[in-house]
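Worksheet for the structure shown next.
The values are calculated or read from the model by the stated rules, or taken from the named source; none is laboratory data. Values in this document were obtained by computation on a predicted structure and should not be read as measured data. So basically every Cβ, Gly included, is an ideal-geometry build from the backbone, and we count neighbours across all protein chains shown. Quick note on the areas: whole protein, heavy atoms, side chains included, nothing else; ligands and nucleic acids left out. Shrake-Rupley method; radii C 1.70, N 1.55, O 1.52, S 1.80 Å.
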Amino acid sequence: MPRPLTRRAALVAAALTTAGTLAACGSDGGASGGGAASSSAGGGDGTFPVTVSTAFGDVEIPEEPQRVVALGWSDAETALALGVQPVGASDWLGFGGEGVGPWAEGLYDEAPEIVETLEPSLEAVAALQPDLILDTRSDGTQERYEQLRQIAPTVGVPEGVTQYRTTWQQQLDLVGQALGRTDEAGQLRSDLEQRFADAAEANPGFDGTEVAVGAYTSEGFGAYVRGDTRVDFMEALGFSNEPAIQDLAGEGFFVPISEEQVPLLDAPLTVVFPIFVDPAQITGNPLWQTLGSVQAGNALLLEDETLVNAFSSGSVLGTGYALDNAVPLFAETLQP
């Protein structure tokens, strides 16, 4: 079971504090877990030094990294997918243990040191003696980057990307470059993109169908907009984000939905999941029950915590798990 999260982290995770607030699912807990294992970074396809272009300029990595600290959302899972085991990592989705989802279980020889998410302890990071810090999906602030780069070369968010909106493809490309594993990253990207194409082809009814993707917390309903990993996932399958929701988009990727706005969630396909609340709070909500999609049977409540986390992970491994397990649910919900 995931570790309990603080109320602050829960609110940030849901991106419900204010309109336009950018979400960051995570724990404020201190470092925990096993000792610092060495990153197994041998066998890279590239030569060093390598230069990686980011929003903060070019980052030079002089030698093949041996001690990687992965702080960004899904950076650890991305490194693991490329065969590199971080010595330290942040557990954004509160998995506990090694800080990764079940789709990445068994990829560590030794558990990493777990570092805080929103405000990582610089002392804890420095104590791990990293020669590379991955922070490709985070708040994207200059302040955070400058603090981390004083410890070790830091690969932050890509050019042109704001807080937490790094796509899984961009993350895979950046991490692959930094680790000297561009060939492996390219193959993983190609394989997953082909799986999306195959799923879309197998489900032609997805093409052009409008979808509303939302969440429910103790603060009420909210919805995701284009640029969020969940909406990007749906659009890669051929769906189109509900225009009325997309029109509310600001700088963030999540918009709060007031009680009066709940009808915005009514779409040919509505997908909603709970965040830190009982799913019964959704099904028992009178406003939910009034939605046309609910009454017509075209509303899907994702209750499986593992699937919700995979859907939200934005990593190549988690996205693959969600593709295998969520697509059949979408297709079943849309059946006449």
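When residues in region 212-233 are screened for being touching a residue at least 60 places away in the same chain (Cβ under 8 Å), out of contact with any helix residue (DSSP H, G or I) (no Cβ under 8 Å at 6 or more places or on another chain) and under 21 Å from E303 (Cβ atoms), 1 of them pass.
How about region 49-79: which of its residues are outside any strand (DSSP E or B) and crowded, with 24+ Cβ neighbours inside 10 Å?
Pass one, region 49-79, residues outside any strand (DSSP E or B): 49, 55-56, 62-67, 71-79.
Answer for region 49-79, where residues must be outside any strand (DSSP E or B) and crowded, with 24+ Cβ neighbours inside 10 Å: P65, L71, G72, W73, S74, D75, A76, E77, T78, A79.
Every residue, every condition in (1) within 19 Å of the chain's Cα centre (by Cα); (2) farther than 18 Å from G314 by Cα; (3) not basic (K, R), yes or no:
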site: G106; (1), (2), (3): no, yes, yes
site: V125; (1), (2), (3): no, yes, yes
site: L128; (1), (2), (3): no, yes, yes
site: T154; (1), (2), (3): no, yes, yes
site: Q163; (1), (2), (3): yes, no, yes
site: A185; (1), (2), (3): yes, no, yes
site: A197; (1), (2), (3): no, no, yes
site: E201; (1), (2), (3): no, yes, yes
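Here are some residues: S240, S258. Which one is over 27 Å from D324 (Cα atoms) and either in contact with a strand residue (DSSP E or B) (Cβ under 9 Å, 6 or more places away or on another chain) or polar (S, T, N, Q) (or both)? First the steps, then the outcome.
Values: S240 fails: over 27 Å from D324 (Cα atoms).
Going through S240, S258 in turn, the sole match is S258.
For region 198-231, the set of residues classified as within 21 Å of Q169 (Cβ to Cβ) and open to solvent by less than 50 Å² (accessible area, probe 1.4 Å) consists of A199, A200, F206, V211, V213, Y224, V225, G227, D228, T229, R230, V231, listed by residue number.
Residues checked against (1) in a helix (DSSP H, G or I); (2) under 24 Å from P328 (Cα atoms); (3) out of contact with any strand residue (DSSP E or B) (no Cβ under 9 Å at 6 or more places or on another chain):
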{"residue": "E193", "(1), (2), (3)": "yes, yes, yes"}
{"residue": "A215", "(1), (2), (3)": "no, yes, no"}
{"residue": "R230", "(1), (2), (3)": "yes, yes, no"}
{"residue": "T270", "(1), (2), (3)": "no, yes, no"}
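Screening region 232-245 for residues that are under 14 Å from N203 (Cβ atoms) and of a type in the set (A, V, I, L, M) and picking the one that is surrounded by the most Cβ atoms within 10 Å (Cβ to Cβ) gives M234.
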